[in-house]
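One structure is given here, and the rest of the page talks about it.
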Amino acid sequence: TPTCEPETPLCCRRDYYVDFQELGWRDWILQPEGYQLNYCSGQCPPHLAGSPGIAASFHSAVFNLLKANNPWPAGTSCCVPTARRPLSLLYLDHNGNVVKTDVPDMVVEACGCS
Amino acid sequence: QGTGSACPSCGGPALALQAERALVLELAKQQILKGLHLTSRPKITHPPPQAALTRALRRLQPGTTAPRKGEEVISFATITDSSTSTCSSMLTFHLSTLQSHHLYHARLWLHVLPTLPSTLHLKIFQWSPGRRRRESHALLAEHQVTTPGWHALILPSGGLRGEESGVVKLWLDCRPSEDNSTAATGRLRQLLDTAGHHRPFLELKIQAKEPGAGRTKRR
């Protein structure tokens, strides 16, 4: 999935780096210093519905063309995350203990049309 | 509301940059608290000393990823008896998560001073309040230490239990080997370094209990 450019109207991944200092949370989140809060945005016209990302395989490209010829698409298609990865955090809990944990599905890696 | 540009998803007017930034930061807070199963950020009243933190973090195996739903915890001891560097002492740990998680790895890290006479026999008990006097100490492990410096003493993960109060107390009973003269007794008091950045700490690996796990065991 391409990262969104200002003029990209189609479904893409918008990259956002959040620095924990900016949240005022550096006193309890020890590592990392921030993380990518990416999210998906953009339109999903009918011929892109169901495509895993703009770089679709040949099959889905054909499938998309077939759909595009159908004047009445079944329903609306939304730009949603299609691949996510965990974020490893090291933080102080309310007892002052150091906790290291992996938070699943925290970072969006790819977007696609539902 | 930004003028002119349109929101690429809904077609409505795009947010002004500051408003979008503020919204994203708020989303980030919610996403992190939800991911850590916290309702609000922890209030850190007594952060551990930076030096102790740095040393302890070196113990967390770098690069090992906690298994799915697993956590690695380092809990620093507070010494509840009067002296700060005696050999036998009560170590108190605040571990509220122990009750709701399955513990599968536990080590107690101690720093032994160079004044160690020869071999030190260590017995580690879990002190449980509210039981009859004779049952208030459950022996967890016995270790022999022959060199000064940091020692990681393995504790049976099945033995260490979380308490309702969230407070775990370990009683350290240590004796030097017989061949030490009583003169060492005076030095006995300098064997364990429990102050500052040599504070003892527990290194635990815990995993969220599967829902209903307790019930199957009861059945």
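The values are calculated or read from the model by the stated rules, or taken from the named source; none is laboratory data. Treat the numbers as computed from the prediction; the structure is a model and nothing was measured. Glycine also receives a Cβ, built like all others from the backbone with ideal geometry; neighbour counts cover every protein chain displayed.
Report, by residue number, each residue of region A:81-92 that is more than 11 Å from every other protein chain (Cβ to nearest Cβ) and surrounded by fewer than 19 Cβ atoms within 10 Å (Cβ to Cβ). Show your work before the answer.
Start the filter on region A:81-92 by keeping residues that are more than 11 Å from every other protein chain (Cβ to nearest Cβ), which leaves A:81-85.
Once the filter is applied, which keeps residues that are more than 11 Å from every other protein chain (Cβ to nearest Cβ) and surrounded by fewer than 19 Cβ atoms within 10 Å (Cβ to Cβ), region A:81-92 yields A:P81, A:A83, A:R84, A:R85.
So, B:S96, is that one more than 18 Å from A:N95 (Cβ to Cβ) and modelled with pLDDT under 85 or not? When the stated conditions are applied, B:S96 does not pass them. Just one of the numbered conditions (1) modelled with pLDDT under 85; (2) surrounded by 13 or more Cβ atoms within 10 Å (Cβ to Cβ) is not true of B:H111: (1).
The requirement of being more than 24 Å from B:H105 (Cβ to Cβ), at pLDDT 90 or above and more than 7 Å from every other protein chain (Cβ to nearest Cβ) is fulfilled nowhere in region B:64-80; no residue meets it. For region B:142-169, a residue qualifies if it is without any contact (Cβ under 8 Å) to a residue 40 or more places away in the chain and β-branched (V, I, T), and the qualifying residues are B:V145, B:T146, B:T147.
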